Structures are given as structure tokens and as C-alpha cells.
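Asker: I have a structure here, written as C-alpha cells, and I will follow up with some questions on it.
The values are calculated or read from the model by the stated rules, or taken from the named source; none is laboratory data. On a predicted model such as this, the values are computed, not experimentally measured, just so you know. Cβ: placed from backbone, ideal geometry, glycine included. Neighbour counts: every protein chain shown.
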Amino acid sequence: MSRGNIIAVVIAAVLLIALPRIITHEFYINMASQCLIFAILALSLNLMLGFGGMVSLGHAAYIGVAGYTCILLTIAGWHPLLAAIAALALSTVIAGVFGMLSLRAPGLGFLMITLALGQIVWGIAYRANTLTGGDNGIRLPARPEPFGINITGAPAFYYFTLIVFAVALFGMWRFARSPFGASLMGTRDQPRRMRMLGHNVWMVQWLTFVIAGFWGSVGGLMFVYYNVFLSPHALTLQQSAEILLMSILGGASSLTGPIVGAVIITLIKNVASTYVERWNTLLGAIFIAVIIFMPLGLVPGCRALWLRWRNRNRPKSPTPAAEPAE
Amino acid sequence: MTPALAIEGLNKRFGGLPATRNVSLHVMPGERRLIIGPNGAGKTTLFNLITGDLTADTGSVKLFGHELVGMPTEKRVHLGLARTYQILTLFPKETLLHNVKLALLGLDPVRWNPWAVLSARTAMTEAAHAALVQVGLGRSAERIVAETSYGERRRLEFAMALAQKPKVLLLDEPLAGLSQEERKTLSTLLKTIPRDVTIVMIEHDMDTALEFAERITLLHYGEVIVEGSRAEVVADPRTREVYLGD
């Protein structure tokens, strides 16, 4: 990591830690928690989208599988930690099954299968009244108390979310720089070539699907802890599309892009909607503007502008001459 | 002695069009084999059948006695098969070094590790750098592929293949599109490849190819019509008729 990046990370960490002291209003602290939760969801989807080139419209399914499992097990009397672990395990296994089905088809076929699978989970949540409460949803008896710490209040829950977000971000940062991450990006760009280099393209994509499903389930679990409630409205196609939009808007293939996208969309949804009735139109207009002027998303676009500005007076360096082969 | 590459009765049709017809050939370990033939003769299809990019309708392909038909491409690579492509197939946004690292990763179990940091694996970086030095690209290791010349990219293809220390190397028109000077450089490089690597090459530049080849196979409409030593194939009237001309 470069010195500039380290400084940026330290500043961001200090700001995030100090946030509840800067904005003391509970509404805004809760919104910051929401931003972090959706950032986890967008980052997890971005493992597939940005690094793997796999566009999914079924990511909200993990909110459902992890969320309902956690709530039902907690109601059944399970310890919250065990309920959370079981929810993550089940949701990750489901991600494995979804991955096997989705990877039967590339491109548009993949997108449609993930959409269909997401809709199946939504349909089950909607129809299985006795289990999920149907359209009325189901309540989580109470937020968990990790290490006996009460996280009912907005600042306490924010810090809990921040810790989970930091762990998720660190895990995905390592993933992006790992040999596996390099293989994944290679399969995105040249799958045929990667096979000829000895990489098992299907397995790389499937494992990524599973890992993205795991982190998506973590985000889903946090979503349920935040709302202390879950209904099929959280698993709709619109929810999956919003998560996808967060990644694209901020800039897929970077780690900061989905975070920026999640913050912008969450703020527009929660803040702009109180002033503008047609906030969806505003969101659409912003999305179109970004795609026109920065097709790769906000973060890569701003980075390119910054580099162009910084190098405006720098002469082009000559390319080194190739030396003779040995 | 077990052939490095043994092909028996290989057939492949695209709809009604036969691309390879009952192709059989044996390439011995260390041999330099040239595959020639006019456009559409099925040369690249033959390579694609050997690598598993295409599935054969019938026939057998064995690499040092291991049956390859039905085996996924990546497993064939793990058995010691490598190839370069007629149309360059690289990772243009990445550095030359990263391209070679991807080649090395393909055979290294660490490729499954989502936690290790790739840049911290110094042994792999050194091996990738050595492969680039071997093809004369040592000083360009950190350049982005998209910013390099066509000739350099051809050399990079070589570096990626050689980095994997293959037993059998398939070269699909490695000199295509190169200047006279670059052809000389690559021909020199070809001669430096050690004898424990068996090479099968498709090439249209007959001056270089004939200099390189020990045995030649002539394909025409998907069929092997002439096979033999350099002198035998060049002297054969069918070679002149379908390929070399008068």
C-alpha cells in the first residue's frame, strides 16, 4: 500500500470512529450504520461483479436466507451467536447451490438465473406465512449482545457495525490482492487463456460466488440486526438492483467504489426522499450522469481526473528499448 | 520410446464440414515438428483439439501416454502442455510481469489462496522476471502490455509458455505479423529452448520454419497428406502442389 493510501485509510478510520461524536443526532448515526451495512452488501457483490465480471441480480436473497434463519433460530431459543453462525453457514451453502445453477450459463443467462433464484427466495418469504410471517414480516426478539455489550442504542450499534465492516473490508482487500484474486481477475478478462495457463475457471468463479454469498450473508445479518425485523420487501428485485447499482455507481473493480456508491444511494434514499417526492428520478438522473461522464464509476473516474491533473505538465517517459533475447 | 504426443484417428466436424479427418501423428520427445498447410487446412483446429479448446468427435490424443480426450484444458496444462496463440491472448491492462505471474500461478497450488498477498511472493516474482529476461523483456517487466509493441507481446506469449516449463509446447504461428528483425530475434529464441521441451509449430514463414523443423506434417482439408523429414516433405510433389507452389 502506498504512503498516500495509508494516510487516506488512517484519516477515514479516524473520521468513522469519531462520527457519532461529530453528528450526535440519532437519525444520522443510524443512517451511517445503514451506509456501512449496504457497503458490506455492495462490496460482497463487487467480488463477483468487479473482480469476476459476473453480474448478479439476486444478491438480496442472502439477506433473506441469513436473516430469516437467524430470526427463526433465535425465536426457537438458540443463543444469538449460534443462530448467527448457523444462519451464515446455511446462507453460504445456499450460495454454493445458487452458484452451481447460475454458472451453467454465462453473461445474460447468468444474470437471468440469479434474478430467478432471488425471486424464488422472495416468493418463499412471501408465501410461507407460518414460517416467515408472509407480507407482514417477522421480528427479531432483540439485538444480540456481543461479549455482553448492549448494542441497542444508535452509537453502540454503529460501532458494532463499524467493526464488522472493517473486518469485511480487510478480508475483501486481502482477497483482491491474493493469488486467488489475481486468478479471478484473469478469468474475468481472458477465461480461455486462463484455462490454457492451468486455472480451473469454473471453480474460481464458483468459489467467488460462495465467498460473495458469505459476505452478502454477513451484510444481510447486519441488516436484520439493524431493523430487528425482516419482511419480503427487503428481498425484492429492487433491493438486488440497488445493491448492484451501488457497485456500478461507485465503480466496480475497486474496493472504495462500492462503499462510495452505497453511501450515495443510502443518503439519497433516506435524506433526499424527505425533500424530493420523486427521489427515484433523482437517483436515476445521478446514475445516468455518472455513466455518461465517468463510465467506470465515480471512484475510477475521479482517480483518472486526478491523475490527468497531476500529470498535466509531465512529459511522456520514453519506453525502454527491448534487449536481445538470451 | 513413448511419444511425447501421440494422435490417433482424430476427427472433428463443424456441422457438415470436416475440420480434421482421421489425423494421426506421433511426435517424439525433444522433436521439433512443423505443421504446414494452406489456410483452412485444420492446423489451428488440430491445436485446439490437442489443448481441449475443442472436443474431438472421435480419436485419441496422448501426452506421454496420458489420454487427453475428455480431460479439461487446465488438467492437460498440468500434465505439461503449453501453447501460444495465433491471435495474441494476453492481459492488456496488466504489466508484463503480472502476465507471466498468472502463467506461474496456473501450476502453483497457491492460486487457491484468497488470503496470501501475491506481490509478497518473491520467489514467484523472481521466476516471472527470469522468464521475461529469457525472452529479452527483463527491462520492460513493469510496463503495461497495452503500451508494448506487437513484437514484444509475441515475446511475452513465449515467456508465459516457457515460464510453465512445459514438456510439449504448441506454437501457433509465432512469427506472424513480425518484422524481419523481430523474426530473427524470435528464431534465435526458439533455438535456445532446451531439448527436454518438445515443440510442435504451425508457421507460414518457410525460411525460418524449415530451418527449425526436423520433421514436417502437411495438412490439407483436415487430412495428413505428407509426413516425413524436412527433405522428404519439401521434395514431395504433393507439397509443391497444395502448399509451396512451383
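Asker: Collect the residues in the range B:135-151 that are facing chain A (nearest Cβ under 8 Å), outside any loop (DSSP other than H, G, I, E, B), surrounded by fewer than 22 Cβ atoms within 10 Å (Cβ to Cβ) and in contact (Cβ under 8 Å) with a residue 12 or more places away in the chain, keeping them in residue-number order.
Answerer: B:Gly151
Asker: Out of the residues in the range B:41-54 that are touching a residue at least 24 places away in the same chain (Cβ under 8 Å) and assigned to a loop (DSSP other than H, G, I, E, B), state the one that is surrounded by the fewest Cβ atoms within 10 Å (Cβ to Cβ).
Answerer: B:Leu54
Asker: Additional query: For the range A:240-258, indicate whether the set of residues that are in contact (Cβ under 8 Å) with a residue 40 or more places away in the chain, surrounded by fewer than 24 Cβ atoms within 10 Å (Cβ to Cβ) and under 13 Å from A:Gly64 (Cα atoms) is non-empty.
Answerer: No: zero hits.
Asker: Identify, by number, the condition in (1) modelled with pLDDT of 95 or more; (2) surrounded by fewer than 22 Cβ atoms within 10 Å (Cβ to Cβ) that B:Val168 doesn't meet.
Answerer: Result: B:Val168 fails condition (2) only.
Asker: Could you tell me which residue of the range A:221-253 is farthest from A:Gly297 (Cα to Cα), considering only residues that are of a type in the set (A, V, I, L, M), more than 14 Å from the chain's Cα centre (by Cα) and not in a helix (DSSP H, G or I)?
Answerer: So the residue we want is A:Val228.
Asker: When the residues of the range B:73-98 are narrowed to those that are touching a residue at least 60 places away in the same chain (Cβ under 8 Å) and within 24 Å of B:Asp196 (Cβ to Cβ), which ends up surrounded by the most Cβ atoms within 10 Å (Cβ to Cβ)?
Answerer: Result: B:Leu81.
Asker: Go through the range B:7-30 and give me each residue that's over 26 Å from B:Ile87 (Cβ atoms) and crowded, with 16+ Cβ neighbours inside 10 Å.
Answerer: B:His26, B:Pro29 - these are the residues of the range B:7-30 that are over 26 Å from B:Ile87 (Cβ atoms) and crowded, with 16+ Cβ neighbours inside 10 Å.
Asker: Give the residues of the range A:195-210 that are within 7 Å of another protein chain (Cβ to nearest Cβ) and either part of a helix (DSSP H, G or I) or in contact (Cβ under 8 Å) with a residue 12 or more places away in the chain (or both), sorted by residue number.
Answerer: A:Arg195, A:Met196, A:His199 - these are the residues of the range A:195-210 that are within 7 Å of another protein chain (Cβ to nearest Cβ) and either part of a helix (DSSP H, G or I) or in contact (Cβ under 8 Å) with a residue 12 or more places away in the chain (or both).
Asker: Now for a separate question. A:Gly220 - would you say it is buried (at least 23 other Cβ atoms within 10 Å of the Cβ), out of contact with any strand residue (DSSP E or B) (no Cβ under 8 Å at 6 or more places or on another chain) and closer than 21 Å to B:Ala103 by Cβ?
Answerer: No, not satisfied.
Asker: Same structure again: Can you name every residue in the range A:270-281 that is touching a residue at least 12 places away in the same chain (Cβ under 8 Å) and either touching a Leu at 6+ places or on another chain (Cβ under 6 Å) or surrounded by 15 or more Cβ atoms within 10 Å (Cβ to Cβ) (or both)?
Answerer: A:Asn270
Asker: Go through B:Leu34, B:Leu68 for me and flag whichever is in contact (Cβ under 8 Å) with a residue 12 or more places away in the chain and touching a Gly at 6+ places or on another chain (Cβ under 9 Å).
Answerer: Among B:Leu34, B:Leu68, only B:Leu68 is in contact (Cβ under 8 Å) with a residue 12 or more places away in the chain and touching a Gly at 6+ places or on another chain (Cβ under 9 Å).
Asker: Looking at (1) under 11 Å from B:Val100 (Cβ atoms); (2) crowded, with 22+ Cβ neighbours inside 10 Å; (3) at pLDDT below 95, which one does B:Arg154 not meet, given that it meets all the others?
Answerer: If we test B:Arg154 against (1) under 11 Å from B:Val100 (Cβ atoms); (2) crowded, with 22+ Cβ neighbours inside 10 Å; (3) at pLDDT below 95, just (1) comes out false.
Asker: Which helices (runs of 4 or more DSSP H) sit wholly inside the range A:112-194 and have at least 2 residues that are surrounded by fewer than 18 Cβ atoms within 10 Å (Cβ to Cβ) and within 14 Å of another protein chain (Cβ to nearest Cβ)?
Answerer: In the range A:112-194, the matching helices (runs of 4 or more DSSP H) lie at A:154-177.
Asker: Count, please, the residues in the range B:76-111 that happen to be more than 17 Å from B:Val145 (Cβ to Cβ), part of a helix (DSSP H, G or I) and not aliphatic (A, V, I, L, M).
Answerer: Matching residues across the range B:76-111 total 4.
Asker: Could you check A:Pro191 against (1) more than 30 Å from B:Leu104 (Cβ to Cβ); (2) out of contact with any Ser or Thr (no Cβ under 8 Å at 6 or more places or on another chain) and say which number it fails?
Answerer: Against the list (1) more than 30 Å from B:Leu104 (Cβ to Cβ); (2) out of contact with any Ser or Thr (no Cβ under 8 Å at 6 or more places or on another chain), A:Pro191 comes up short only on (1).
Asker: Something else now. Do you know which residues across the range B:49-75 are basic (Lys, Arg) and facing chain A (nearest Cβ under 9 Å)?
Answerer: Across the range B:49-75, the qualifying residue is only B:Lys75.
Asker: Scan the range B:127-150 for residues that are touching a helix residue (DSSP H, G or I) at 6+ places or on another chain (Cβ under 7 Å) and over 14 Å from B:Leu102 (Cα atoms) and jot them down.
Answerer: B:Gln134, B:Val135, B:Gly136, B:Leu137, B:Gly138, B:Ser140, B:Glu142, B:Arg143, B:Thr148
Asker: If you scan the range B:116-134, which residues turn out to be among the β-branched types (Val, Ile, Thr) and either in contact (Cβ under 8 Å) with a residue 12 or more places away in the chain or part of a helix (DSSP H, G or I) (or both)?
Answerer: Listed by number, the residues that qualify are B:Thr122, B:Thr125, B:Val133.
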